[in-house]
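To start, I am sharing the structure in question, which I have written as structure tokens.
What follows draws every value from the coordinates through simple rules; no lab data is involved. This structure is a prediction, so every number in the text was calculated from the model and none was measured. Note: ideal-geometry Cβ built from the backbone for every residue, glycine included; neighbour counts use all protein chains shown.
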Amino acid sequence: MKYLIVAGARPNFMKIAPILRAFSSRRNGHPSTRVLLIHTGQHYSRNMSDDFFRDLGIPEPDINLEVGSGSHAEQTARIMMAFEPVCLEHRPDWVVVVGDVNSTVACALTAKKLGIRVAHVEAGLRSRDMSMPEEINRLCTDAISDVLFTTDTMADENLLSEGVASERIHFVGNTMIDSLQQQIGSARSLPLPDGLESGQYAVLTLHRPANVDSPDRLALILGAINSIAERIPVVFPVHPRTASRLDGIKLHPRIQVLGPMSYLPFLGLVARSQMVLTDSGGIQEETTVLGIPCLTMRPNTERPITCEIGTNVLVGTDPQRIVKEATSILDGHARAGTIPEKWDGRAAERIVGILLNQSGEASTLQRGCSSSSPSHCI
Ligand code: UD1
């Protein structure tokens, strides 16, 4: 069997690393299995891509489609056009996609139309907010995937309610948390940025188009952060989308603005913080596992389990609410959370076990492995 594993953007890399490792560790029992890593190039800067490969021990991609940035239509179309010849040449049995970025939906759609089976890791998450590009990507990818791997049972319920057959859904846990557990020791041993002391600073991340593309919305949110900085230093690693929009906004001197951080230093930063303010998806999950209070500055979340049993509180973008909730945490009233079921560092093992056990029923394109292919024979 041949598997193409797709990654394209920063939040994909921590999800594929444990899957690649789990395939490698099953090498002995499955000598004819081949795995190829495809990087679409949706994220391409050193600090958005290469540094993550290094930190997570991911091998060089077998193929880089080098699509780069663009509008949603341009980027999605370029990924599809570049991925189709790869599928035709390598004739995989499975394409494995993760998360909800443009690379996820583009490669799922390309593969499915060629009759190749698609597995979606992190299926079934729903924000019910169709203004989020990721929600559209999630819905489309899940609708056409053959096997859907979920991180929690709420995601299973979402899929069942959309008519997905239960045999196609596998509740396996969270591969992003597999990476966290593998790397947390090294992450905690790294030095903190200058001037920060463990447990005595907040971390801020902001990159959702809904928050940063509107100058008014961004100024309101950062106004709230300026007030919070009166009480606690804030460290702000800035995403490239946001960096270009900060000009002219006055930030409190206790807000330390940094460039995008790679995986290990960022994980180490979050793990030793007093609280996190974010609009990210994955950070809601990481803070829940680390037991760090998280305020999510969005009106909704596709990860409600982190609010239901974790440390996450959805605060929206009203500055008064953001400051009120942050003050409550700083005054010692953070909510205690628990860790969701199966977020135990073994999700990738379960995924690979299920994929290797799938019936050998040939996909339309299957013709066996080509010995000249550059794939890793696991
Ligand atoms: C994408 C994902 C989002 C994810 C985020 C994490 C989609 C629809 N969105 O959003 O779900 O949370 O990645 O980062 O797929 N840029 C660089 N270097 C890079 C990549 C991008 O400088 O390596 C800049 C470019 O100016 C680009 C902008 O960042 O225009 C935004 O990048 P893009 O990939 O369009 O979307 P993200 O906002 O990063």
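For GLN42, what residues show an amide H to amide H distance below 5 Å, using hydrogens built from the backbone and excluding near sequence neighbours?
Under 5 Å from the amide H of GLN42 lie the amide H atoms of VAL67, GLY68, each far enough along the sequence or on another chain.
Hey, another quick one. Which value, in nm² and rounded to one decimal, describes the direction-averaged projected area of the C-alpha convex hull of the stretch 204-275?
Working: hull surface 18.9 nm².
Averaged projected area of the stretch 204-275's Cα convex hull equals 4.7 nm².
In Å, what is the Rg of the alpha-carbon atoms in the stretch 70-211, and how long is Dmax?
Final numbers for Rg and Dmax: 18.2, 55 Å.
From Cα coordinates alone, what are the radius of gyration and Dmax values for the stretch 294-349 in angstrom?
Cα radius of gyration and Dmax of the stretch 294-349 are 13.4, 44 Å respectively.
OK, next. Ranked highest first by the average count of other Cβ atoms within 10 Å around their residues, in what order do 237-244, 280-287, 114-121 fall? Before the final figure, lay out each step's value.
Values: 237-244: 16.8, 280-287: 24.2, 114-121: 22.5.
Per-residue mean Cβ counts within 10 Å order the peptides as 280-287, 114-121, 237-244.
Right, here's the next one. Just order 71-78, 99-106, 296-303, 43-50 by mean Cβ neighbour count inside 10 Å, highest at the front, would you? Spell out each step's value before the answer.
Values: 71-78: 15.1, 99-106: 27.6, 296-303: 21.2, 43-50: 16.9.
Those peptides, ordered most packed to least, come out 99-106, 296-303, 43-50, 71-78.
Which of the peptides 187-193, 309-315 is most tightly packed, and how do the rest follow, judged by the mean count of other Cβ atoms within 10 Å per residue? Don't skip to the answer; put the middle values down first.
Working: 187-193: 13.6, 309-315: 22.0.
So the peptides 187-193, 309-315, ranked by packing, come out 309-315, 187-193.
Could you go through the stretch 293-308 in sequence order and give the Karplus-derived ³J(HN,Hα) for each residue, using 6.51 cos²θ - 1.76 cosθ + 1.60 with θ = phi - 60°, rounded to whole Hz, and x for Gly and Pro?
x, 10, 10, 9, 8, 8, x, 8, 9, 7, 10, x, 4, 5, 8, 5
With no solvent and one equal point scatterer placed on each C-alpha of the stretch 1-81, evaluate the Debye formula and give log10 I(q)/I(0) for q = 0.11, 0.16, 0.23 Å⁻¹, two decimals.
At q = 0.11, 0.16, 0.23 Å⁻¹ the computed log10 ratios are -0.31, -0.62, -1.07.
Can you give the three extents of the C-alpha atoms in the chain along their principal axes, from longest to shortest, in whole Å?
Rounded to whole Å, the extents work out to 64, 41, 38 Å.
Now a separate question. Percentage of Cα-Cα pair distances in the stretch 188-244 greater than 19 Å, rounded to whole percent?
Numbers: 590 of 1596 pairs.
The answer is 37 percent, as a whole percent.
Rounded to whole Å and sorted largest first, what semi-axes of the equivalent ellipsoid does the C-alpha gyration tensor of the stretch 1-160 yield via the square root of 5 times each eigenvalue? If you can, show how the numbers build up before the last one.
Working: eigenvalues 94, 73, 55 Å².
Over the Cα atoms of the stretch 1-160, the ellipsoid semi-axes are 22, 19, 17 Å.
Provide the per-residue ³J(HN,Hα) series for the stretch 17-31, in order, calculated from phi with Karplus coefficients 6.51, -1.76, 1.60 and θ = phi - 60°, each as a whole number of Hz, with x at glycine and proline positions.
3, x, 5, 4, 5, 5, 4, 4, 6, 9, 3, 4, x, 9, x
Any lysines with Cα under 22 Å of the LYS2 Cα? List them, leaving off those in the same chain fewer than 8 positions away.
By straight Cα distance, LYS2 reaches LYS15, LYS112, LYS113.
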